[in-house]
Each structure stands twice: as C-alpha cells, then as structure tokens.
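The values are calculated or read from the model by the stated rules, or taken from the named source; none is laboratory data. Remember, predicted model here, so these are calculated numbers, not experimental data. Glycine also receives a Cβ, built like all others from the backbone with ideal geometry; neighbour counts cover every protein chain displayed. The area values use the complete protein model at the heavy-atom level, side chains included, leaving out ligands, DNA and RNA. Shrake-Rupley method; radii C 1.70, N 1.55, O 1.52, S 1.80 Å.
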Amino acid sequence: MSRIGKLPVQIPAGVSITQKDGVVTVKGPKGELSQTVNPDIKVNINDGVLTVERPTDERNHRALHGLYRALINNMVVGVSNGYKKELELIGVGYRASNTGQLLELSLGYTHNIFLELPAEIKIETKSERNKSPLIILESADKQLLGQVCAKIRSFRKPEPYKGKGIKFVGEVIRRKSGKSAAK
C-alpha cells in the first residue's frame, strides 16, 4: 500500500476544500488552487480530514494514489502558509532588480535578461554591500514556484570550478580542483 497515499491530510482553520466534476478546489487566506483528479481515485472529506482512496492495487492506481494525495497536501499547505524560495547570485558584477513582476538580471552576458513573472508569484530582490544579491520568491502554488526558480537558475547554473552562478540559499555546490601541477 502507498505509504504517502494512506496518510490523511489535515485541513487547517480558514481553508475550505470543494470537489466537483473531478476537480478539487482549495481556498484559503493565501489564494485559491485547483487540481483535476483521475476519476478512479476517490477523495473523501469529513471532520476536517481529507483522505484519498484507490479502487484496486494495480500499478497505475498505486502511483496515482500517492501522487494526488501529495498534490492536494501541497495545495492545502500553499493556501494556508505559502511557499518561499531564495536564490543567490554568486559572481562579480552579477545583479538582480525588479520593477513589479519584471525581473532584470545582469549575469555577465552582453545584454541584461528580462523575465516577466506570473501574477501568482510575489518577488523581492535584495542587494546589500559585500553580500551576494538575493531573489526572494513567494507563492501559494508550489509547482509554479519551482518551475520559475528552475527557469531563473537555468540562465547561469552554478559551475563547479569557481562556484559562480545562481544557486538556492543553503545549497552546497560540489567543487572541483581544476588543473593540477604536472610535477
């Protein structure tokens, strides 16, 4: 049996979940999210607890059981607490600034990179003296937030020799030694 799928999802105060025509909608103080659910998977809501059940032990049903429970749990956590990711720019002359939802990155290329972020994501950039610039992203949608972070990171991935690039705060980059002396 799926260990993740069996776990019940606790519904915190201020969060409401509705199910209609195979779509689960979660509303909370941070926003509203919805997810279509496979018709084979049953979602039950009683007494502030949501459970996900599957009809058989087929391989496909077992996979969907844990998947939909995890997606619904991510939506519940997102609309109640929200998700936050911090990206750090490591490198001389690397800068980040934003005007509204437009992120401007200066990453050592000939031109600056402009990225228009979705309205569901709140962005903040910090640049302090003698510290690496930070990009702070917040959203209720974990999937969208991760996708936007991956896109920003893809502009200049951290490289293993000098450690320059865009990395998550707290991420450890495995460093390589580079050329070694031939003697």
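For (1) open to solvent by 80 Å² or more (accessible area, probe 1.4 Å); (2) touching a strand residue (DSSP E or B) at 6+ places or on another chain (Cβ under 8 Å); (3) not in a helix (DSSP H, G or I), each residue gets a yes or a no:
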residue	(1), (2), (3)
32	yes, yes, yes
35	no, yes, yes
40	no, no, yes
57	yes, no, yes
60	yes, no, no
65	no, yes, no
76	no, yes, no
### Message
Of everything in segment 93-102, what is open to solvent by less than 100 Å² (accessible area, probe 1.4 Å), free of Cβ contacts under 8 Å to residues at least 40 places away in the same chain and either in contact with a Pro (Cβ under 9 Å, 6 or more places away or on another chain) or outside any strand (DSSP E or B) (or both)? Give them in sequence order.
### Response
93, 96, 97, 100, 101
### Message
Can you find, within segment 89-148, the residue that is nearest to the chain's Cα centre (by Cα) among those that are under 30 Å from residue 79 (Cβ atoms) and among the β-branched types (Val, Ile, Thr)?
### Response
148
### Query
What number of residues within segment 78-92 satisfy the criterion of being within 30 Å of residue 106 (Cα to Cα), assigned to a loop (DSSP other than H, G, I, E, B) and either open to solvent by 40 Å² or more (accessible area, probe 1.4 Å) or polar (S, T, N, Q) (or both)?
1
### Message
Given the condition on the phi < 0 side of the Ramachandran plot and touching a residue at least 60 places away in the same chain (Cβ under 8 Å), answer yes or no: does some residue in segment 36-53 qualify?
### Response
no
### Summary
Residue pairs within 7 Å by beta carbon, gap of at least six or interchain, first lying in segment 62-91 and of a type in the set (A, V, I, L, M, F, W, C), second assigned to a helix (DSSP H, G or I), listed first then second, are 70/4; 87/149; 87/152; 87/153
### Summary
Of the residues in segment 11-28 that are assigned to a loop (DSSP other than H, G, I, E, B) and either open to solvent by less than 40 Å² (accessible area, probe 1.4 Å) or at pLDDT 95 or above (or both), the one that is farthest from residue 73 (Cα to Cα) is 22
